[in-house]
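Report on the structure given below.
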Amino acid sequence: MVGSEDVNGYWGPITASTEWCETNYAVTEYVAEFYNTISNLVSVLLGLLGLVSCIRQGFERRFICLYLSVIAGGIGSALFHSTLRNVQQQSDETPMVWNALIYLYVLYSPDWHYRKAMPTFLFFYATIFAVIHNSARFVLGFQLHYIFLVMLCMPRMYKYYLSCSNPEARKVAHIYLHTLILGSICWLIDRTFCTWIERVMPFNFQGHAWWHVLMGVNSYYGCTFLQYCRGGQLDRDPKITFFLGLPLVKLTKPVRLKEPEKES
Ligand SMILES: [Zn+2]
């Protein structure tokens, strides 16, 4: 929690540039923000499920990278919230930007004329960002930059949604959007009204932990929707199937897809 710098647990003084509304070391001395840490399990588990599914279906490397960035973000975020140290903070925030850049590649590359230039540019952008962010420790700058990248994805996502006629795939897109909105509200409440939550509310509803849960679901449904669209672009007759209530994309023509020869 902001203002609780004097509370030192197992990981020592807090060196992170940002703190959240959860009380530090309240559950155990080994984890600074307990709920903000364990809530990252959703991203890691759903990311693993998506990764295994997309490898089994022979999806392209871009989707493997996408799921790996989701898993890396979940692990990095857990490291950050459990320690509240600056180095671990980078392992939370940097994969978030990498994830958004891979989203941009997946969304825009089918119509991109400079196919080799785009991943090269994005790779250098991601690397330079990581180096600069590590030394400069932006707070507001990082948040605005991340929102900008997510906003860049939105028009293309909407275009894919409009061109998708499958009701189950559209439902996946709806859940993607709703979890993004709900998660953002939880993030904002936790960030803006912490003092009020502390003074007035009978309990802390752990808004930042809910942001993690909802964004874990959001990432999974976003990736799944894009897999479905990509399957259609490649004429692989994609279908939405379910595993424990979670959607998976099955290619009914399960030919291994290779880049870049079979790109549309
Ligand atoms: Zn977080």
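Around the amide H of Leu248, modelled in the peptide plane, lie the amide H atoms of Thr241, Phe242, Phe243, all under 5 Å away and 5 or more residues distant in sequence or on another chain. Would you please classify the overall shape of the range 115-240 from the alpha carbon gyration tensor, given that a ≥ b ≥ c denote the square roots of the eigenvalues, rounded means a/c under 1.5, and beyond that prolate means a/b larger than b/c while oblate covers the rest? The shape class here is oblate.
Anything in the chain that counts as a DSSP H helix reaching 18 Å or more along its axis (C-alpha) with Kyte-Doolittle mean of at least 0.5? List them, would you?
41-56, 61-83, 117-136, 140-163
Among the trypsin sites (Lys or Arg not before Pro) within the range 113-176, those in coil by DSSP and having at most 10 neighbouring Cβ atoms inside 10 Å are Lys116. Once each of the chymotrypsin sites (Phe, Trp or Tyr not before Pro) sitting in a DSSP loop with at most 16 other beta-carbon atoms within 10 Å is removed, the chain keeps 31-111 as its longest stretch.
At full extension, Tyr125 and Leu140 could sit 3.5 nm farther apart than now, given 0.36 nm per residue minus the alpha carbon distance. As a length-normalised measure over Cα pairs under 8 Å and 6 or more apart, the relative contact order of the range 34-251 settles at 25 percent.
Every number in this text was worked out from the coordinates using simple rules, so none of it is lab data. Note that the coordinates shown come from a computational prediction; the quantities given were computed from them, not determined experimentally. Virtual Cβ from ideal backbone geometry, glycine too; neighbours counted across all protein chains shown.
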